[in-house]
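Enquirer: Please read through the structure below; I'll follow up with questions.
The values are calculated or read from the model by the stated rules, or taken from the named source; none is laboratory data. Not measured: the values here are computed from a predicted model. Note that we place each Cβ from the backbone using ideal geometry, even for glycine, and neighbour counts take in every protein chain shown.
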Amino acid sequence: QVQVVESGGGLVQAGGSLRLSCAASGFSFSRYVMTWYRQAPGKERELVATITSAGNAEYADSVKGRFIISRDNTKNTVYLQMNSLKPEDTAEYLCNGRWFTLNYWGQGTQVTVSS
């Protein structure tokens, strides 16, 4: 049974930090490209950061220099360290695992940044 479970969201003041976690099970995690997306009310889902099975990371321009994605294949977990948070980072953050045509999503965790 595949499970993708995000955690770590919450309410934080602008300038603060949060660390999101995404715990996966039921598939070969180390093979998968893991990606964090976010979706704010009334807006399209956007890619935040992605990390390959080899550990290569890419970021949206809006979060470069502030967010860090990492993975621990021994724990089947991917992380998103979010620093210098801004009100415009407020969104639901979703974790995705992808390998060829296989594609798994979590339910999301809410991040709210107050000004």
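Enquirer: Suppose the filter is at pLDDT 95 or above, crowded, with 19+ Cβ neighbours inside 10 Å and part of a loop (DSSP other than H, G, I, E, B); does VAL113 pass it?
Expert: Working: at pLDDT 95 or above: yes; crowded, with 19+ Cβ neighbours inside 10 Å: yes; part of a loop (DSSP other than H, G, I, E, B): no.
Here the answer is no, as VAL113 does not meet what is asked.
Enquirer: Same structure again: Go over the candidates VAL33, VAL4, VAL48 one by one and state the one that is on the phi < 0 side of the Ramachandran plot, surrounded by 13 or more Cβ atoms within 10 Å (Cβ to Cβ), of a type in the set (A, V, I, L, M) and in contact with a Gly (Cβ under 7 Å, 6 or more places away or on another chain).
Expert: Working: VAL33 fails: in contact with a Gly (Cβ under 7 Å, 6 or more places away or on another chain); VAL48 fails: in contact with a Gly (Cβ under 7 Å, 6 or more places away or on another chain).
It is VAL4.
Enquirer: Which members of the stretch 88-115 meet the condition of being under 30 Å from GLY26 (Cβ atoms), out of contact with any strand residue (DSSP E or B) (no Cβ under 6 Å at 6 or more places or on another chain) and not aliphatic (A, V, I, L, M)?
Expert: Once the filter is applied, which keeps residues that are under 30 Å from GLY26 (Cβ atoms), out of contact with any strand residue (DSSP E or B) (no Cβ under 6 Å at 6 or more places or on another chain) and not aliphatic (A, V, I, L, M), the stretch 88-115 yields TRP99, PHE100, THR101, ASN103, GLN107.
Enquirer: So is LEU85 assigned to a strand (DSSP E or B), touching a strand residue (DSSP E or B) at 6+ places or on another chain (Cβ under 8 Å) and touching a residue at least 24 places away in the same chain (Cβ under 8 Å) or not?
Expert: Working: assigned to a strand (DSSP E or B): no; touching a strand residue (DSSP E or B) at 6+ places or on another chain (Cβ under 8 Å): yes; touching a residue at least 24 places away in the same chain (Cβ under 8 Å): yes.
No: the conditions fail for LEU85.
Enquirer: Checking the condition buried (at least 19 other Cβ atoms within 10 Å of the Cβ) and within 24 Å of VAL2 (Cβ to Cβ), which residue from LEU85, LEU102, LEU80 passes? Steps first, please.
Expert: Working: LEU85 fails: within 24 Å of VAL2 (Cβ to Cβ); LEU102 fails: buried (at least 19 other Cβ atoms within 10 Å of the Cβ).
The unique qualifying residue is LEU80.
Enquirer: Hey, does the stretch 30-41 have a residue that's under 19 Å from ILE68 (Cα atoms) and not in a strand (DSSP E or B)? Give the steps one after another, and end with the answer.
Expert: Of the stretch 30-41, the ones under 19 Å from ILE68 (Cα atoms) are 30, 32-39.
Checking which are not in a strand (DSSP E or B) leaves us with 30, 32.
Taking every residue of the stretch 30-41 in turn, at least one turns out to be under 19 Å from ILE68 (Cα atoms) and not in a strand (DSSP E or B).
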